[in-house]
Amino acid sequence: MNPQRIEIAPHVRDLGGGFTVRRLLPSAARQAVGPFLFCDHFGPLTARADDDHDVRPHPHIGLATVTYLFEGAMVHRDSTGVVQRIEPGAINWMTAGRGIVHSERTPDDLRGQVRLSHGLQLWAALPAEDEELPPAFAHTPAAAIPLLEVGGARLRVLVGSAFGVTSPVAVRSPTLYLDIALSVGDALPLPPAEERAVYVVEGDAQLDGEDIPPGRMLVLEPGEEPMLSADADARVVLIGGAPLGPRHLWWNFVSSRRDRIAQAADDWAAQRFERVPGESEFIPLPERRPA
C-alpha cells in the first residue's frame, strides 16, 4: 500500500524590494511539522548592486527563528544587543520568548555589489511553558555542525540527532533538521521522528523510487521508513520532531493563547518592545489587527 503523504505547495510572497520567498508552512494542508510552523525558502537569487533587501526591525513572541544560508551573508541585530554575521552552513537560533526585535541586513562589505542570496528560515514553536522565556540568540558556526555520510549521502545534522550523531544546537523539544546532499546512486534511509517532512532545495530526488514533486514539501506518514535517493545531484532538507499542539499565528507572533497575540500587537503599535541598539527604522504593525 502506498503511503498517504501530504503534499504542500508553496505560496510566493514579496517581502519588499523584489525580495520574494516561497512559503511552505503554514499551509491550508498543514499548520506544522513537529515544532516547525513556518518555512520560507528564498533564492537562489542574484541581487543587483542597488537592490535593497534589508529586513527592518520587527518583533516576535512565542517562537524560535532558525536561519540557515546556502549562499550569501546577512547581519543579524536584535534587542538583546547581539550583532551576528550569518554565513552559509551556520545555524542561528533566536528564541523570541516573551518578546524580541531583530533586523536582517546586507553586510556593509557587500553593499553596492552584485551578490548571491539563498537560504531557509524556519520558525519553531516553543513548548507552552517556555513561551515567555527571556529572549536569547545562539550562533552555532558551520564548523561545529556534525557531518557524516550514510548510503553515499552527505548529511549535516543541523538540529537534533540522526544516525548516532547529535547537533550542538540546544532545543526546547524534540526537533530534527538535516541538510542532505545526494548524487546519483546514493540511497539514504530517512531517520525516524514523530513527524517528518522532506523538501528538495535543488535538483531532483525520489522517495522509494518515486519523484518528489518539484517545489513541493512532502509530509510523511508516521512510522514509514522511506528511502531517499537521486538520479543526479540534489539537495534535500528533512524537518520534523515532536508536535507541540495547535498554535495561534498572526504576523510575526506565535502563542498558545489568542489574547497574548492581541497583547503583542498592542505592544508593538505602542512601541513598548525593547529597541535594537543602533536601529531607528521599524516595520509597522499591519493595519488589520488580529481577531
query = open to solvent by less than 20 Å² (accessible area, probe 1.4 Å), in contact (Cβ under 8 Å) with a residue 60 or more places away in the chain and closer than 29 Å to Ile180 by Cα: does that describe Phe42?
reply = yes
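Here's the yes/no breakdown for (1) buried (at least 19 other Cβ atoms within 10 Å of the Cβ); (2) modelled with pLDDT of 95 or more; (3) aliphatic (A, V, I, L, M); (4) part of a strand (DSSP E or B):
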residue: His118; (1), (2), (3), (4): no, yes, no, yes
residue: Glu129; (1), (2), (3), (4): no, yes, no, no
residue: Ala143; (1), (2), (3), (4): no, yes, yes, no
residue: Pro191; (1), (2), (3), (4): yes, yes, no, no
residue: Tyr199; (1), (2), (3), (4): yes, yes, no, yes
query = When residues of the stretch 151-165 are filtered for being in a strand (DSSP E or B) and either open to solvent by 30 Å² or more (accessible area, probe 1.4 Å) or under 30 Å from Arg260 (Cα atoms) (or both), how many remain?
reply = 5
query = Out of curiosity, is Leu228 touching a Phe, Trp or Tyr at 6+ places or on another chain (Cβ under 6 Å), open to solvent by less than 20 Å² (accessible area, probe 1.4 Å) and in a strand (DSSP E or B)?
reply = no
Residue that is farther than 30 Å from Arg257 by Cβ and in contact with a helix residue (DSSP H, G or I) (Cβ under 6 Å, 6 or more places away or on another chain), where the choices are Pro226, Pro168, Pro191, Pro214 = Pro168
query = Can you tell which of Gly185, Gly209, Gly203 is more than 17 Å from the chain's Cα centre (by Cα), more than 28 Å from Ile145 (Cβ to Cβ) and either surrounded by fewer than 18 Cβ atoms within 10 Å (Cβ to Cβ) or of a type in the set (Asp, Glu) (or both)?
reply = Gly209
message = So, in the stretch 238-257, how many residues would count as being among the hydrophobic types (A, V, I, L, M, F, W, C), closer than 30 Å to Pro191 by Cβ and surrounded by 20 or more Cβ atoms within 10 Å (Cβ to Cβ)?
response = 5
key: Verdict on Val66 being open to solvent by 40 Å² or more (accessible area, probe 1.4 Å), touching a strand residue (DSSP E or B) at 6+ places or on another chain (Cβ under 8 Å) and within 27 Å of Trp268 (Cβ to Cβ)   = no
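One line per residue, one yes/no per condition, for (1) open to solvent by 50 Å² or more (accessible area, probe 1.4 Å); (2) assigned to a loop (DSSP other than H, G, I, E, B); (3) of a type in the set (S, T, N, Q); (4) closer than 30 Å to Val101 by Cβ:
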| residue | (1), (2), (3), (4) |
| --- | --- |
| Val171 | yes, yes, no, yes |
| Tyr177 | no, no, no, yes |
| Ala181 | no, no, no, no |
| Pro213 | no, yes, no, no |
| Leu218 | no, no, no, no |
| Glu224 | no, yes, no, no |
| Gln271 | yes, yes, yes, yes |
| Pro277 | yes, yes, no, yes |
ask   = So is Arg260 at pLDDT 95 or above, open to solvent by 90 Å² or more (accessible area, probe 1.4 Å) and under 25 Å from Asp130 (Cβ atoms) or not?
value = no
request  = Kindly establish whether Arg235 is among the charged types (D, E, K, R), open to solvent by 20 Å² or more (accessible area, probe 1.4 Å) and assigned to a helix (DSSP H, G or I).
outcome  = no
key: Selected residue (criterion: farthest from the chain's Cα centre (by Cα)) from residues of the stretch 71-85 that are in a strand (DSSP E or B) and surrounded by fewer than 20 Cβ atoms within 10 Å (Cβ to Cβ)   = Val83
Hey, Pro10 modelled with pLDDT under 95, open to solvent by 10 Å² or more (accessible area, probe 1.4 Å) and within 24 Å of Val159 (Cα to Cα) or not = no
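The values are calculated or read from the model by the stated rules, or taken from the named source; none is laboratory data. Note that the coordinates shown come from a computational prediction; the quantities given were computed from them, not determined experimentally. Cβ sites come from the backbone with ideal geometry, for glycine too, and all protein chains shown count toward neighbours. Remember, those area values only see protein heavy atoms, side chains included, never the ligands or the DNA or RNA. Shrake-Rupley method; radii C 1.70, N 1.55, O 1.52, S 1.80 Å.
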